[in-house]
Amino acid sequence: MAEIAIVGGGPSGAMCGEQLARAGHAVKIFDEHLAWEKPCGGGLTHKAILRFPFLLDNPYPKKLVRSVELIASDEQRVTMKMAHPVVIYSRTVLNGMLLERAQEAGCSVQRSHVIGVDTASDKPRYCVEGEWHQADYLVLAAGARNQLLPDTRPLKRDELEMTQGYFVPETADAITIKFLPHFEGYIWSFPRQDHLSVGICGSMSAHTSAELKSHLGTFVDKQKISTAGAKFYSHVLPSPQEHTFSQRTVVGRNWAMIGDAAAWVDPLTGEGLFYALRSGELLGRSVAEGCPEKYPARVRAAFSAELEFAARIVRRFYRGSFLGTSVPTRMVQFMRKSPVFRQLVGDLFSGAQDYTTLKQRVLGHLGISLSQFVSSVLSFEPSAIARVPRGSNASD
Ligand SMILES: Cc1cc2nc3c(=O)[nH]c(=O)nc-3n(C[C@H](O)[C@H](O)[C@H](O)COP(=O)(O)OP(=O)(O)OC[C@H]3O[C@@H](n4cnc5c(N)ncnc54)[C@H](O)[C@@H]3O)c2cc1C
């Protein structure tokens, strides 16, 4: 029985701990907050529900949302219905449920801030409550602001997004997504059971926090969402570039990173919960089998090719144009005209369709201009999208 120390009891750490404790290991999870309202939309897609059905089959409060309204930067709107709902949790509830499962599996869960780690010796050490302790393996699941970086580098500005938002004491039935002119990111409103999480995310290297605040203020005013009594939040979100996956070390001989700490986030959508849970599961399984070295290959087989694909197209999506109009605006226009395309975007959004198998579904099933549009955004063939150099903007 090995002793495993996990720093961070969010979705990735709790899931990893559960796997390891079930396999008979002695697992200690440390989290400075335990279950808390981490700034987040809280939306879980269909692929997360398929892989972890307990996320749907449980008595905890959650909201199932089947409808999304997309608003283009020129205010054109379209509503799509999703065949599979997005399941939205308050993060206090979600983290609490996952930590409870880890505890039931046998993990010890402690509310403490880990102030340092040392992986230089065979057995890694960590410092908590002023004392150094030793373990057999160290899991770093401390999120995107993580400062505990043995033998690796922090994420750079161009690998991060800023987020700001409000927990608003009102609710709604549909998700709203708003695109902005010349902006690498979007605004969202995610309805939870008894409140909304309304926020904005934007590339840290391309935008300022003042810009984000102003866009969000305009949105809540236009949508008539009252922020009186709402709690403001801000946080960072990994937005990995293609090279992040190949160049940043996330595993060493006696430690590994999972979830946001490893930057396992879709840079196009900001979805991180599924990848946090799945990476926690995969590392847990690999360490439990005595083969932590299998973790990177398992991540690659499970999802990192998908994230690399998203990293390749993200700038083209937010900054490119198709026939003189920005890609998000064109997408909304096409969705208004074509129910088939609307369904396809709905499936992508809800996580029922991945990027890498999109080509087969698109070709032959959409009209010529739509096929051309999708192919060029996804780069199936020589691009019809005007490629925009960094710093300049597509016309809207
Ligand atoms: C505003 C916003 C909206 C988002 N919306 C969505 C969404 O709708 N759907 C989605 O799929 N993803 C969303 N994401 C991404 C998602 O929140 C993350 O991908 C996910 O929380 C990652 O889980 P994690 O366990 O890796 O890290 P975290 O959830 O960040 O957990 C890390 C934990 O480590 C603890 N910790 C940190 N440092 C220490 C330390 N030194 N000692 C002890 N404990 C420590 C923290 O208290 C925290 O509980 C959003 C992110 C943001 C910022």
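Ranked from highest to lowest mean number of other Cβ atoms within 10 Å per residue, what is the order of the peptides 48-59, 194-205, 320-331?
Sorting 48-59, 194-205, 320-331 by mean packing, highest first, produces 194-205, 320-331, 48-59.
Would you mind calculating the gained length between R361 and T249 on full extension (0.36 nm times residue separation, minus the Cα-Cα distance), in nm to one decimal?
Gain on extension, R361 to T249, equals 36.8 nm.
Rounded, prolate or oblate: which one fits region 315-378, using the alpha carbon gyration tensor with axes a ≥ b ≥ c (rounded when a/c is under 1.5, else prolate when a/b beats b/c, else oblate)?
It comes out rounded by the Cα gyration axes.
Among A263, H215, T227, whose Cα sits farthest toward the positive end of the charge dipole of region 196-266 (+1 at Cβ of Lys/Arg, -1 at Cβ of Asp/Glu, about the Cα centre)?
Positive-end residue among those listed: T227.
Ratio of Rg to Rh for the chain, alpha carbon only, Kirkwood?
Reported Rg/Rh (Cα atoms, Kirkwood Rh): 0.97.
For the chain, give me the percentage of DSSP beta bridges that are antiparallel, rounded to the nearest 5 percent.
Of all bridge pairs located within the chain, approximately 70 percent are antiparallel.
At 0.36 nm per residue, and after removing the present C-alpha to C-alpha distance, how many nm does the segment from R66 to A228 gain when stretched out fully?
Gain in length upon complete extension: 55.5 nm.
Given the DSSP H assignment, sum -39500 (n - 2.57) over each helix run of at least 4 residues in the chain and divide by its residue total; what's the result at 222 nm in deg cm²/dmol, nearest 500?
Computed mean residue ellipticity for the chain: -9500 deg cm²/dmol.
Within region 1-32, which residues have the backbone N less than 16 Å from the label spot 7 Å out from R111 along Cα→beta-carbon, could you tell me?
Backbone N within reach: 8-10, 29-32.
With a/c under 1.5 counting as rounded, go ahead and sort region 225-349 into rounded, prolate or oblate using the C-alpha gyration tensor (a ≥ b ≥ c being the square roots of the eigenvalues; past the cut-off, prolate if a/b is larger than b/c, else oblate).
prolate
Looking at this model, which pairs from K81/K213; K156/K359; K81/K337; K62/K222; K47/K224; K62/K213 are more than 22 angstrom apart at the alpha-carbon?
K81/K213; K156/K359; K62/K222; K47/K224; K62/K213
Could you tell me which trypsin sites (Lys or Arg not before Pro) in region 192-253 are loop residues by DSSP with no more than 16 other beta carbons within 10 angstrom of their beta carbon?
Within region 192-253, the qualifying trypsin sites (Lys or Arg not before Pro) (loop, at most 16 other Cβ atoms within 10 Å) are K224, R253.
Read the figures in this text as sums done on the coordinates, not as results from a lab. All values reported here derive from a predicted model rather than from experimental measurement. For neighbour counting, all protein chains shown are included, and Cβ atoms are generated from backbone atoms with ideal geometry for every residue, glycine included.
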